[in-house]
Amino acid sequence: MDADETLDPEQRGANARRLPAEQRSEDQRSAEDHDLSESLVALSRLGSNRMGLEDLLTRVATYAVRAIPGADGAGLTLLEEDRADTIVATAPFVTEIDDIQYGMLQGPCISAAAEARTVMSGSLGSDSRWPRFGGRVARLGVHSALSLPLITPDGVVGAMNVYAHDKNAFDDRAAELGELFAEPAAIAVQNAQVLAQTQRLASRLQAALETRGVIDRAVGILMSRSGGTTEEALERLRALSQHEHHKLPMVARQIIEEAVRRAEARHHSG
């Protein structure tokens with residue numbers, strides 16, 4: 001009996017996907033196509049799920065591991081202009097590798113995002129493109145990487161890093177399937193990014209409106225006490241803020257709380 005026959009179907013499929021392209025049978029290639037198809041279907045359903053940005057990105061990276069032959073783990077980096085980049089991983093060893101990569105500012109994911117092209121390595125330890133990064137990662141027992149830029153009509157929104165412990169785990173077939181997955185993945189990631197940015201903006205606007213309401217109430221209280229115009233009351237509020245070394249909204253809340261306490265005291269005494 002072939003040793004591979006003692007494995008369950010999923011394990012046999014994983015072993016088959018590690019074979020070089022020329023050694024894969026038609027059935028094996030069909031299994032890879034099926035894995036890609038299922039990953040793409042799952043990807044298409046993400047938009048209907050209500051989940052946070054990091055959870056969605058992690059799900060995309062998880063689907064990539066299934067879609068790309070030879071993958072042991074994957075990470076995804078979302079590039080954002082208005083805040084720190086969001087980095088997720090499917091396994092702890094991927095997080096460790098990406099921490100090294102971004103700490104050194106060199107590695108396949110950085111190259112893929114900067115050059116907007118697929119980057120592949122089958123022996124990170126001896127790869128002259130990232131000598132410091134490759135040596136560190138090889139000592140961790142990870143030797144292969146396939147990095148794919150996430151490209152949309154608006155440009156590169158991030159990059160996907162796929163890793164394997166074996167040497168030469170990825171070939172042109174893996175890169176081809178990875179690129180087929182990366183194209184819709186980029187759109188899914190961009191949509192999630194836009195939604196998250198919209199939610200952050202809405203939260204900031206809501207907070208600004210609430211702050212404005214607090215300040216307006218405090219100005220009204222000062223006007224009822226001392227008279228004068230709205231501008232004069234607002235100027236008194238600013239002066240209090242500077243004198244007490246507290247931000248304007250905090251001083252405004254203190255004035256409102258004091259007014260509420262006085263009103264309650266009058267009510268109880270009456």
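Bear in mind that the values in this text are calculations on the coordinates, not laboratory data. Quick caveat: nothing in here was measured; it's all calculated off a predicted structure. Neighbour counts are summed over all protein chains in view; Cβ atoms, including those assigned to glycine, are modelled from backbone coordinates with ideal geometry.
Below, the figures for the structure above:
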| quantity | calculated |
| --- | --- |
| Residue-count net charge about P149 - beta-carbon cut-off 10 Å; Lys, Arg +1, Asp, Glu -1 | -1 |
| Efficiency of FRET from Cβ geometry, L79 and Q206, R₀ 25 Å, rounded to 0.05 | 0.40 |
| Label point distance in nm, E258-D33, each placed 7 Å from Cα along Cα→Cβ | 7.7 nm |
| Extended-chain gain in nm, criterion 0.36 nm per residue less alpha-carbon gap, E26 and R266 | 77.7 nm |
| At R0 = 30 Å, FRET efficiency that the Cβ-Cβ distance of L105 and S126 yields, to 0.05 | 0.90 |
| Protection proxy ranking of 38-44, 158-164, 97-103, 54-60 - average other beta-carbon atoms within 10 Å, highest first | 158-164, 54-60, 97-103, 38-44 |
| For peptides 166-177, 229-240, sequence by mean Cβ density within 10 Å, most packed first | 166-177, 229-240 |
| Label-to-label distance, nm, for residues given as L140 and S226 (7 Å Cα→Cβ offset) | 6.1 nm |
| Cα-based shape type of region 93-188, given that a ≥ b ≥ c are square roots of the gyration tensor eigenvalues and the cut on a/c is 1.5 | prolate |
